[in-house]
Amino acid sequence: MKREILEKMINPMDEIEEKVVKFVRDEVTNRGFKKVILGLSGGIDSALVAFIATKALGKENVSTLMMPYKTSSPESLAHGKLVVEKLGVKTKKIEITPMVDAYFETEKGATSLRKGNMMARTRMAVLFDNSSKEDALVIGTSNKTEILLGYGTQYGDTACGINPIGELFKAQVFELAKRLGVPKELIEKKPSADLWEGQTDEEELGFTYDLADEILFQISIERKTKEELEDMGYSKTLLDTIFNRIKRNAYKSSMPAIAKL
């Protein structure tokens with residue numbers, strides 16, 4: 001990533017940290033809750049949210065669920081446990097394999113994408129059921145880069161009551177994670193939704209998070225047009241891909257359109 005863009009992202013990190021912690025504290029209270037619950041995937045985004053929530057509310061008011069599927073990496077569970085051990089928050093492991101496989105017994109030949117979406121939505125169903133059981137607000141873990149690119153499952157990992165990192169680019173997630181003490185094992189590994197064996201975010205997207213952040217920052221914050229970015233030397237093919245993803249997936253971050261009568 002270009003250094004000047006990275007510096008613009010991370011320079012206000014003190015202010016960002018203060019804002020996201022206050023956001024969680026205020027929003028949870030204003031909505032009539034004392035506790036939050038989140039899915040802990042073993043990745044950096046959910047780990048960061050767990051650290052933010054614990055700082056805002058105290059470890060006694062943060063619950064986490066680890067919800068592996070049979071193809072999930074053992075490393076994901078191990079990294080989730082590192083977060084739990086460091087923070088001292090409550091956790092529970094719930095296997096989603098029987099739930100997901102029961103459906104796909106009747107839907108033969110499903111693609112990896114369909115199975116991944118079903119896993120994400122199953123996890124969220126389990127998470128919301130446990131939120132009801134514990135009277136806890138579901139806290140989201142999708143960052144700005146993922147939201148802009150539509151890299152998330154509608155009513156799956158994007159579903160939540162509040163989201164403290166939805167305005168943070170991936171580079172800011174990494175920076176804040178370092179500041180708050182997220183274990184280095186999670187910071188140093190390749191980001192992955194762990195929806196199938198060997199899957200990584202960047203391979204699936206077709207470009208790196210660094211490059212995506214660089215372009216998305218200039219689109220959404222500096223209001224650069226596609227033509228301006230192309231004149232700056234960015235690949236037209238890459239720009240077309242990113243602009244098309246933003247347009248095509250905008251519906252995922254909006255409430256359903258309702259016909260006005």
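The values are calculated or read from the model by the stated rules, or taken from the named source; none is laboratory data. On a predicted model such as this, the values are computed, not experimentally measured, just so you know. Methodologically, a virtual Cβ is constructed for each residue, glycine included, from the backbone with ideal geometry; neighbour enumeration extends over all protein chains shown.
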- request: Determine which member of the set Val49, Val84 is touching a strand residue (DSSP E or B) at 6+ places or on another chain (Cβ under 8 Å) and either closer than 29 Å to Glu214 by Cα or without any contact (Cβ under 8 Å) to a residue 24 or more places away in the chain (or both).
  value: Val49
- request: Run Leu186 past the list (1) touching a Gly at 6+ places or on another chain (Cβ under 8 Å); (2) within 25 Å of Thr71 (Cα to Cα); (3) at pLDDT below 95 and report the number of the one that doesn't hold.
  value: (3)
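Let's see how each residue does on (1) surrounded by 21 or more Cβ atoms within 10 Å (Cβ to Cβ); (2) more than 24 Å from Lys184 (Cα to Cα); (3) of a type in the set (Val, Ile, Thr):
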| site | (1), (2), (3) |
| --- | --- |
| Glu15 | no, no, no |
| Thr29 | no, yes, yes |
| Lys34 | no, yes, no |
| Ser46 | yes, no, no |
| Val49 | yes, no, yes |
- line: Of Lys184, Lys190, the only residue that is under 15 Å from the mean Cα position of the chain (by Cα) and surrounded by fewer than 16 Cβ atoms within 10 Å (Cβ to Cβ) is Lys190
- prompt: What residue, among those in segment 109-127 that are among the hydroxyl-bearing types (Ser, Thr, Tyr) and assigned to a helix (DSSP H, G or I), is nearest to Gly140 (Cα to Cα)?
  reply: Thr122
message: Being small (Gly, Ala, Ser), in a strand (DSSP E or B), on the phi < 0 side of the Ramachandran plot and crowded, with 19+ Cβ neighbours inside 10 Å: is that true of Ser63 here?
response: yes
task: Just give me the residues in segment 228-256 being in contact with a helix residue (DSSP H, G or I) (Cβ under 9 Å, 6 or more places away or on another chain), of a type in the set (D, E, K, R) and over 30 Å from Gly161 (Cβ atoms), in sequence order.
output: Glu228, Glu230, Lys236, Asp240
task: Restricting attention to segment 88-108, report how many residues are under 14 Å from Pro68 (Cβ atoms) and part of a strand (DSSP E or B).
output: 3
